1. Please give the FRET efficiency for Asn18 paired with Ala44, using the beta carbon to beta carbon distance and R0 = 35 Å, rounded to the nearest 0.05.
2. When Ile140, Ile102, Ile129, Ile123 are ordered from fewest to most other Cβ atoms inside 10 Å of their Cβ, what list results?
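Every read-out reported here was derived from the displayed coordinates using simple, explicitly stated rules and does not represent laboratory data. For clarity, every value in this text was computed on a predicted model and none was experimentally measured. Methodologically, a virtual Cβ is constructed for each residue, glycine included, from the backbone with ideal geometry; neighbour enumeration extends over all protein chains shown.
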Amino acid sequence: MTRVPQKSMNTHEEMDMNTILAMATEMELSSWALISSVSLLLFALFVLYRQQRKNHANSDLLKRTQNDLRALINASVGMGERMLEMERRQRRLAERQEQLDIYDAANQPYEQAIRMAQNGSEIEELVDICGLSKTEAELIKIMHRFDKAS
């Protein structure tokens, strides 16, 4: 009779041992799963941190680029305004030059007649050479006859 209970104790002890082994294996698997999960979480956090740093750097670069672009736009607007002002000035100068050319062309016979009158030319010479009317030639001769004396 004593053997039977011993046998059942061995079976019971074996069951306890199997249970303990199963629990240990289950705990070991849980530990590995926990360690793996924590490692994966840390890796994800590291990747997220690097991505945030890259985003921040890109944001700074974008701001600098936008500022540079604003400066270039302002400079080109300023240059455009300067060019418009230079074109206006050039047009005004061209108009003045044209007026002076017209004035010079219109006054050239008179200037030549004045020089001739100062050098003592006769009224008939002023009419023939400069193309003036007789009264214009007489007026120039009268006005500039005193220039030679002074």
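1. So, using R0 = 35 Å, E works out to roughly 0.35.
2. Ile102, Ile129, Ile123, Ile140
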